[in-house]
Amino acid sequence: MIEKNKSIGIYDSGLGGLSVFKELFNKLKNENYIYFGDTKNLPYGDKKEDELLKIATNIFNIFERMNVKAVVMACNTTSAVVYDKIKDRYNFKIYPIIQNFAKYIASQNYDRIGVFATHSTIKSHAYIKYIKLYKNDINIFEHACPNWVKIVEENSFNDEINQNLIKKDLEELLKFKPQKIILGCTHYPFLLDNLSKYVQRDIFIDPAKCFVNEIINDLTKCDLINEQEKGEITCYVSSSPKSFSKNSKIFVDFDITPKLFNEQEYFVKI
Ligand code: DGL
């Protein structure tokens, strides 16, 4: 049986998942969270399926041993490529971002949608697959942005060369005249200020808001909301805690002091 007082695990390859975590934490402060930034394996976006499966399985096994009640896949790439393969292997709730967001997009009155995402997400066509489960008469134009994750992680979005890369990707997708553009990688919402220099900000959709609402609705429906007054945040990274800590401060305004995760040390201690 899943117990409501257990923690919620949330992960991504690095800083990106914080765009989801920020939304979740602001709406649900009474949960205990364990954020796992897999900085050692960053970036996920150009890895093959077998490698992503290995990486995600390792993280899910860690969360299983931590006895969480739910895992939030704050990562489009693993939601796209490995969710189907691991979804039935665990006894906790699993919330993948793309699958939880697709229904919302399909319910809106759009017939031309653009998607920016990592190379692996685009290659899987997951956004097309899941949106078309609910709405078939929609045109979806996909564009991979292989440099954007690095730009966010290195906090180098103001470099001229990167500004030009971002602008060029944007121009490519705008050729298809999309009504809205989905930021289909959790790192990308952190580029919104830059993106909106070239096109009106409200063309972009960050799936995080809708995703987080879906998570909260499901936890509520399953009577899994923690009833304590205030929860705790624990943050682990698989490498470079110092730079994660420094750069995370640019994106979130609450304390997430990361610790380096050492599997042996952690599980021997508890
Ligand atoms: N932020 C993740 C995603 O949403 C992974 C990006 C990466 O590491 O390439 O896809």
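Pull up the stretch 36-55, narrow it to residues that are more than 10 Å from the ligand (Cβ to nearest atom) and acidic (Asp, Glu), then point me to the one that is nearest to PRO241 (Cα to Cα).
GLU51
If you go through the stretch 260-268 one residue at a time, do you hit one that is β-branched (Val, Ile, Thr) and touching a residue at least 24 places away in the same chain (Cβ under 8 Å)?
no
Tally up the residues in the stretch 143-184 that are of a type in the set (A, V, I, L, M, F, W, C), modelled with pLDDT of 95 or more, within 16 Å of the ligand (Cβ to nearest atom) and open to solvent by 10 Å² or more (accessible area, probe 1.4 Å), please.
Residues meeting the conditions: 3.
For the stretch 204-223: of the residues being touching a residue at least 60 places away in the same chain (Cβ under 8 Å) and farther than 14 Å from LEU24 by Cβ, which is least open to solvent (accessible area, probe 1.4 Å)?
ILE205
Right, GLY14: open to solvent by less than 20 Å² (accessible area, probe 1.4 Å), more than 15 Å from the ligand (Cβ to nearest atom) and under 13 Å from the mean Cα position of the chain (by Cα) or not?
So GLY14 does not fit the description; no.
Kindly provide the set of residues from the stretch 257-270 that are of a type in the set (Val, Ile, Thr) and at pLDDT 90 or above, ordered by number.
THR257
For ILE161, are the conditions met, namely being over 18 Å from PRO96 (Cβ atoms), of a type in the set (Val, Ile, Thr) and free of Cβ contacts under 8 Å to residues at least 24 places away in the same chain?
Here the answer is yes, as ILE161 does meet what is asked.
Pairs needed: first member in the stretch 187-203, at negative phi and away from the ligand (no atom under 16 Å from the Cβ); second member anywhere, part of a helix (DSSP H, G or I) and modelled with pLDDT of 95 or more; C-beta distance under 6 Å; at least 6 residues apart or different chains.
Sorted first by the residue in the stretch 187-203, then by its partner, the pairs are ASN194/ILE166; TYR198/LYS167; TYR198/LEU170.
Kindly indicate whether any position in the stretch 199-221 is more than 21 Å from the chain's Cα centre (by Cα), among the charged types (D, E, K, R) and over 26 Å from GLN99 (Cα atoms).
Scanning the stretch 199-221, I find no residue that is more than 21 Å from the chain's Cα centre (by Cα), among the charged types (D, E, K, R) and over 26 Å from GLN99 (Cα atoms), so the answer is no.
Can you tell me which residue in the stretch 56-78 is nearest to ILE225 (Cα to Cα), limited to those that are more than 16 Å from the ligand (Cβ to nearest atom) and in a loop (DSSP other than H, G, I, E, B)?
The selected residue is LYS69.
The values are calculated or read from the model by the stated rules, or taken from the named source; none is laboratory data. What you are looking at is a predicted structure, and each value in this text was computed from that prediction instead of being measured. Methodologically, a virtual Cβ is constructed for each residue, glycine included, from the backbone with ideal geometry; neighbour enumeration extends over all protein chains shown. Just the protein is used for accessible areas: all its heavy atoms, side chains included, with ligands, DNA and RNA removed. Shrake-Rupley method; radii C 1.70, N 1.55, O 1.52, S 1.80 Å.
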